[in-house]
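The values are calculated or read from the model by the stated rules, or taken from the named source; none is laboratory data. For clarity, every value in this text was computed on a predicted model and none was experimentally measured. Note that each Cβ is placed from the backbone with ideal geometry, even for glycine, and that neighbours are counted across all protein chains shown. Only protein heavy atoms, including side chains, enter the accessible area calculation; ligands, DNA and RNA are left aside. Shrake-Rupley method; radii C 1.70, N 1.55, O 1.52, S 1.80 Å.
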Amino acid sequence: MKILYLETSSKNCSVAISDDEKLLCVCEEVSENYKQSESLHSFVEWALEGAEISVKDIDAVCLGKGPGSYTGLRIGAASAKGFCYGLKIPLIAVNSLESMIEPFLNQNYDFVIPLVDARRMEVYTAVYDGISGEELVPTEAKVLDETSFQEFKDKKVLFVGDGASKTQEIVQLPNAEFNNDFYPSAKYLVKKTLEKIEKKDFEDIAYFEPFYLKEFHGVKKKKSED
């Protein structure tokens, strides 16, 4: 089964293609200017070329559904829906935070905690078991202060994502490690996608909305903002 993966929730515009669990091609770029609108379809074309397949060979589309950038998520969702409608194939949606923990499991961390910068002192976050990847604390928008994550002060924890640096400045956790230079990536959506396909856990394409997590206040006044 050939699957197209789109991950546009962050500064990393990321596209991947797999044949079942085998990754065929990845095309991605981190940009401070959120280039999804101008890069996504080029990346899809390049990924198809790299995988040596046609778009007509795609059997399903997986979207990293957020949380993250409103603009990026809207662009990714519109593109994913377009492919699914046009090719009459199913849509799978995976929490973007789950793609951030995949490469860090089974590395002697008690917990892996993704942190997506949500501006000011807020982050989008969840808590995952460092071995199994099981979600222990659901995804939330969290305002950081000195008391944040203190329940993990005696545990070995990895904080990963572009919200890690501001967390490190505020939170004193002696056993914690921080990896700020990491973003959601399409290449880490494969495992969870295949699990959802096996369960036939597909989205209703007509009614699907990305996982925005919170309302976007001030849309009318600040149309140029992400």
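Here are the numbers for this structure:
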{"quantity": "Cut-off under 5 Å, modelled amide H: who pairs with residue 65 long-range", "calculated": "94, 95, 96"}
{"quantity": "Net charge contributed by nearby residues that have their C-beta within less than 10 Å of residue 165 (K/R +1, D/E -1)", "calculated": "-3"}
{"quantity": "Compactness of the chain, expressed as Rg and Dmax over alpha-carbon positions, Å", "calculated": "17.4, 52"}
{"quantity": "Cβ crowding within 10 Å averaged over residues, with 73-79, 204-210 ranked highest first", "calculated": "73-79, 204-210"}
{"quantity": "Within the chain, helix-based [θ] at 222 nm, where runs of 4 or more DSSP H residues each add -39,500 (n - 2.57), nearest 500", "calculated": "-7500 deg cm²/dmol"}
{"quantity": "Accessible surface, 1.4 Å probe, highest first, among residues 105, 24, 97", "calculated": "24, 105, 97"}
{"quantity": "Residue-level accessible surface for residue 169, protein heavy atoms, 1.4 Å, Å²", "calculated": "140"}
{"quantity": "Net length gained if the chain between residue 121 and residue 87 were fully extended (0.36 nm per residue, minus Cα distance)", "calculated": "8.0 nm"}
{"quantity": "Neighbour cut-off at most 12 other Cβ (10 Å), DSSP loop, trypsin sites (Lys or Arg not before Pro), segment 7-45", "calculated": "none"}
{"quantity": "Average accessible area per residue (Å²) across the chain - probe 1.4 Å, nucleic acids and ligands excluded", "calculated": "50"}
{"quantity": "Computed log₁₀ I(q)/I(0) - Debye formula, equal Cα scatterers, no solvent, segment 97-179, q 0.11, 0.12, 0.13, 0.20 Å⁻¹", "calculated": "-0.23, -0.28, -0.33, -0.81"}
{"quantity": "Accessible surface of the chain [probe 1.4 Å, protein heavy atoms]: carbon and sulfur percent", "calculated": "46"}
{"quantity": "Segment 108-192: relative contact order as a whole-number percent, Cα under 8 Å and 6+ apart", "calculated": "28"}
